[in-house]
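S.K.: Below you will find the structure I want to go over with you.
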């Protein structure tokens, strides 16, 4: 049994790290997050050339045709670089949703421009209850028209179309459609912009059923966990490097056992979260029956671990860790924002518990 990455996966991970380091260094991240959209069109075109925008989509739609594990490796490196912009929103949210719910002709219509880099997209799911389950969906389409609102929609300001989850179906909406208002929302993470969408008799194309979204959300959940892992790894790297050069009482602070314990705990949290994310990706790629639970475990652990790693990283840095000039606070803000996205640890613990109860229930009760 192969427990590690194969040669092509190792190459993908290495190339992605080199690409993001060259094309989106920390100073460029800071420049982009000060803009209204955190979007760089030239960077987006380069990612499309690398095949990143079509990484998990079939070759017949212009994609690369790789699996969930490859997506997780890419998102881990994107998280390590604190990548701004709509890569996650377009590929892991909207793209995965389209592939899960749409028929072949609809996939061709929407996935081809995503794969080529010609289109950007996002998924509008949350409403006033801010709950990541279908029972909380209130927006309902009538005669292919949408009325209502969606909140905390990532990267909607640069999207060409928006995939909207409604109570009675999944719809695709042109971002420039009449009746659609896209307004910025405040968020802690300036590298990932949030928006409120208001629909007033907006024309929409039904592309599938809401019940079919489950696997797509699991893929996005695992991808977000991997992105958190990348941020945790970078926070650890920055912290260890700082502990080697910062001196107190004539010695590097990394020589003190208390600081070593902090760094060791950060390493343990990061590696454990990485293992959970990789396993979740493998189960999704193999369509294993435990894939939904594995995705929840990965996000549950990563949500808590990323916060812990951020806390410890800032503690090792002391007061400097909170300053604007220090990159650790940027990763911490991404971790806090991603902690609740696609469900926080409490949401996923509840989901895991419900799945366990359902599995223990007798067949008669399940069919009753």
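Coordinate-derived values only; no laboratory data. Every value quoted in this text rests on a predicted model; they were computed, and no experiment measured them. Counting neighbours? That spans all protein chains shown, and the Cβs are built from the backbone with ideal geometry, glycine included.
S.K.: For the chain, what is the percent of antiparallel DSSP beta bridges, rounded to the nearest 5?
M.R.: Values: 27 of 31 bridges.
Among the beta bridges of the chain, antiparallel pairing accounts for roughly 85 percent.
S.K.: Still on this structure, I have one more. With a 10 Å Cβ neighbour count serving as the proxy for reagent exposure, in which order, fewest first, do 160, 144 appear?
M.R.: Values: 160 17, 144 12.
Placing the least packed residue first, the sequence is 144, 160.
S.K.: Which value in nm describes the separation of the simple spin-label points at residue 353 and residue 46, placed 7 Å from the Cα toward the beta carbon?
M.R.: Output for this residue pair reads 4.7 nm.
S.K.: Right, another one. Roughly how compact is the stretch 103-252, stated as its Cα Rg over 2.2 N^0.38 Å to two decimals? Walk me through the numbers on the way to the answer.
M.R.: Numbers: Rg = 19.7 Å, N = 150, 2.2 N^0.38 = 14.8 Å.
The stretch 103-252 yields a ratio of 1.34.
S.K.: Which value, in Å to one decimal place, does the Kirkwood hydrodynamic radius take for the stretch 213-367 when every pair of different Cα atoms is included?
M.R.: On the way: mean 1/r = 0.0601 Å⁻¹.
Result for the stretch 213-367, one decimal place: 16.6 Å.
S.K.: Quick one: divide the alpha-carbon radius of gyration of the chain by 2.2 N^0.38 Å and tell me what you get.
M.R.: Working: Rg = 20.7 Å, N = 368, 2.2 N^0.38 = 20.8 Å.
Against the empirical 2.2 N^0.38 Å value, I get 1.00 for the chain.
S.K.: If you don't mind, another one. Mind checking the angle between helix 7-23 and the chain's longest principal axis? C-alpha axes, 0 to 90 degrees, to the nearest 10.
M.R.: Rounded to the nearest ten degrees, it is 80.
S.K.: Treating the angle as unsigned and between 0 and 90°, give the value, to the nearest 10°, between the Cα long axis of helix 104-116 and the longest Cα principal axis of the chain.
M.R.: The angle comes out at about 30 degrees.
S.K.: The stretch 86-119 to the stretch 178-240: how many Å between their Cα centroids?
M.R.: 14 Å
S.K.: Starting from the Cα gyration tensor of the stretch 7-119, take the square roots of the eigenvalues, sort them a ≥ b ≥ c, and report rounded, prolate or oblate (rounded when a/c is under 1.5, otherwise prolate if a/b is larger than b/c, else oblate). Don't skip to the end; give the middle numbers.
M.R.: Values: a/c = 2.17, a/b = 1.40, b/c = 1.55.
Judged from the Cα gyration tensor, the stretch 7-119 comes out oblate (a/c at least 1.5, b/c at or above a/b).
S.K.: OK, next. Grab the DSSP H runs of the chain that are 4 residues or longer, score each as -39,500 (n - 2.57), total them, divide by all residues and round the 222 nm result to the nearest 500 deg cm²/dmol.
M.R.: Details: 12 runs with 188 residues, N = 368.
Helices in the chain give a 222 nm mean residue ellipticity of -17000 deg cm²/dmol.
S.K.: At a 10 Å Cβ-Cβ cut-off, how would you order 317, 348, fewest neighbours first? Present the calculation step by step, with values, prior to reporting the outcome.
M.R.: Details: 317 20, 348 24.
Neighbour counts put them in this order, fewest first: 317, 348.
S.K.: For the stretch 67-121, what mean projected area does the convex hull of the alpha carbons give, in nm²? Could the numbers behind the result be given before it?
M.R.: Details: hull surface 15.3 nm².
Spelled out: convex hull of the Cα atoms, projected over all directions, averaged, 3.8 nm².
S.K.: Sort 323-335, 292-304 by packing, meaning the average of other beta carbons within 10 Å per residue, with the highest value first.
M.R.: On the way: 323-335: 19.0, 292-304: 25.6.
My ranking of the peptides, most packed first, is 292-304, 323-335.
S.K.: Also, I was wondering about something else. Quote the relative contact order of the stretch 1-147 in percent (integer), defining contacts as alpha-carbon pairs under 8 Å separated by 6+ residues. Show your work: numbers first, answer last.
M.R.: Numbers: 153 pairs, mean separation 33.9, N = 147.
It rounds to 23 percent for the stretch 1-147.
S.K.: Over 16 Å, how big is the tail of the calculated P(r) for the stretch 122-209, in percent of all Cα pairs? All intermediate terms of the calculation are to be shown ahead of the outcome.
M.R.: Numbers: 1783 of 3828 pairs.
Roughly 47 percent, once rounded to a whole number.
S.K.: Got the relative contact order for the chain handy, in percent, Cα pairs under 8 Å and 6 or more residues apart? Spell out each step's value before the answer.
M.R.: Details: 692 pairs, mean separation 56.9, N = 368.
Relative contact order, the chain: 15 percent.
S.K.: Now for a different question. Arrange the peptides 189-200, 273-284 so that the one whose residues have, on average, the most other Cβ atoms within 10 Å appears first.
M.R.: Packing order, densest peptide first, comes out as 273-284, 189-200.
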